[in-house]
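Novice: One structure is given below, represented as structure tokens, and several questions about it will come after.
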Amino acid sequence: MEHAFGGPWTEDKLRRVDKYLEAYMTIFTRNETASKLGTYYLDAFAGTGRIASAVAEDRVEGSLFEDALEDDDTNYLKEGSAYVALRQENQFDNYVFIDRSREHAASLDRLRHEFPDLADRITIEVADANDFLQKWCRNTNWKSNRAVVFLDPYGMQVDWATIEAIARTKAVDLWLLFPLGQAVNRLLTRKRLPEAAHAERLTRMFGTESWREAFYRTPEKESDALMLFDNEEAVLEKQANFDSIGAFFVKRLKTIFPGVAEKPLPLKNSTNVPLYLLCFAAANPVGAPTAVKIANHILKP
């Protein structure tokens, strides 16, 4: 069974990440100092390695936290991010593919047969992405290794603690799909703060509760009447839009990474609604300026 998810924006995303991997490995192949370092490519939501796009239908398979709307007008097989990374001319020393589904992991294992020369470099983990990544970031020797990490969740699975762990390595370049319209905007209810479970999930993803002040305001016409309410949350109204939510997340990234692409790429569905932002951040202070320069070029609409 192939992994059904995505649309034309999925191809756009993979094409841009593909370009970055090519540029990244060109540097690590040609630069004498960089060539002495070990290299990793890690995909934390690898799926099956290939993707069968979904039919044109909006539906939710599970919660907004765990799954995303499938949005596509076509139905054909295309290469996934794992396959894209493995086909690079200049090869990484290590490939780590993570998925919580054993069925997906079994499909990923077939890539060893498609790329026999790389079979001994491929590690496939059935694991929770947040748990695995945080341990991997702590336990890898970053004095002698560098990595590109691709976080391509279906919904809001990525915790801020995981992003912080990546930043602390001072050695990882991060590509991340931020679920802008797919999940975050939908959880930000219009007339009051999100319910407790939704609010907690937003805090886990942003790593702060300051999204409340950033995205909600007291309506001016009601400001004088606040004293009449025991629960001020009842009179808060959403002030956020796609632009302000994206800007807030970029600002959060800049608090922990030395280099962040200022203008993530909106990935939109067939009705021009932004589903995700393709974001980039570099953890290595020395390499960050070059990495961000390359990423900025690749992220241009």
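The values are calculated or read from the model by the stated rules, or taken from the named source; none is laboratory data. Just so it is clear, the model here is predicted, and its values are computed rather than measured. Positions of Cβ are backbone-derived with ideal geometry, glycine not excepted, and every protein chain shown enters the neighbour counts.
Novice: Please find, among Phe215, Phe249, the residue that is modelled with pLDDT of 95 or more, outside the structural domain of Phe178 (by TED's automatic domain parsing), among the aromatic types (Phe, Trp, Tyr) and within 19 Å of the chain's Cα centre (by Cα).
Specialist: Answer to the selection: Phe249.
Novice: Quick one: in segment 257-271, of everything that is out of contact with any strand residue (DSSP E or B) (no Cβ under 8 Å at 6 or more places or on another chain) and at pLDDT 95 or above, which residue is surrounded by the fewest Cβ atoms within 10 Å (Cβ to Cβ)? Lay out the reasoning, then the answer.
Specialist: Taking segment 257-271 as the starting set, the residues that turn out to be out of contact with any strand residue (DSSP E or B) (no Cβ under 8 Å at 6 or more places or on another chain) are 262-263, 270-271.
Adding the requirement that they be at pLDDT 95 or above leaves 262-263.
Numbers: Glu262: 11, Lys263: 15.
Across segment 257-271, the extreme among qualifying residues is Glu262.
Novice: In segment 159-222, which helices (runs of 4 or more DSSP H) lie fully inside it and hold 3 or more residues that are within 22 Å of Val149 (Cα to Cα)?
Specialist: Helices (runs of 4 or more DSSP H) meeting the threshold: 160-168, 196-206.
Novice: Touching a Gly at 6+ places or on another chain (Cβ under 8 Å), under 24 Å from Lys13 (Cβ atoms), touching a residue at least 60 places away in the same chain (Cβ under 8 Å) and not hydroxyl-bearing (Ser, Thr, Tyr), is that true of Leu151?
Specialist: no
Novice: Quick one: in segment 170-208, of everything that is touching a residue at least 60 places away in the same chain (Cβ under 8 Å) and charged (D, E, K, R), which residue is surrounded by the most Cβ atoms within 10 Å (Cβ to Cβ)?
Specialist: Initial filter on segment 170-208 (touching a residue at least 60 places away in the same chain (Cβ under 8 Å)): 170-187, 201.
After this cut, where a residue has to be charged (D, E, K, R) as well, the list is 170, 173, 186, 201.
On the way: Lys170: 18, Asp173: 26, Arg186: 13, Arg201: 21.
Checked segment 170-208; the qualifying residue surrounded by the most Cβ atoms within 10 Å (Cβ to Cβ) is Asp173.
Novice: Just to verify a result, which residue in segment 288-301, among those that are of a type outside the set (A, V, I, L, M) and free of Cβ contacts under 8 Å to residues at least 40 places away in the same chain, is surrounded by the fewest Cβ atoms within 10 Å (Cβ to Cβ)?
Specialist: Of everything passing the filter in segment 288-301, Pro301 is surrounded by the fewest Cβ atoms within 10 Å (Cβ to Cβ).
Novice: Could I ask something else about it? How about segment 94-156: which strands (runs of 3 or more DSSP E) wholly inside it have at least 1 residues that are among the hydrophobic types (A, V, I, L, M, F, W, C), farther than 26 Å from Ala295 by Cβ and touching a helix residue (DSSP H, G or I) at 6+ places or on another chain (Cβ under 9 Å)?
Specialist: Details: elements: 94-99, 122-126, 145-151.
Result: 122-126.
Novice: Among (1) out of contact with any Ser or Thr (no Cβ under 7 Å at 6 or more places or on another chain); (2) loosely packed, with under 13 Cβ neighbours inside 10 Å; (3) over 30 Å from Ala23 (Cα atoms); (4) at pLDDT 95 or above, there is one condition Asn231 misses while meeting the rest; what is its number?
Specialist: (4)
Novice: Farther than 23 Å from Thr10 by Cα, modelled with pLDDT of 95 or more and of a type in the set (Phe, Trp, Tyr) - does that describe any residue in segment 278-301?
Specialist: No, that holds for no residue.
Novice: How many residues, within segment 102-148, are farther than 15 Å from Thr39 by Cα, in contact (Cβ under 8 Å) with a residue 40 or more places away in the chain and of a type outside the set (A, V, I, L, M)?
Specialist: 5
Novice: While we're on this one: Out of (1) at pLDDT below 95; (2) closer than 13 Å to Tyr40 by Cα, what's the single condition that is false for Tyr154?
Specialist: It is condition (2) that Tyr154 fails.
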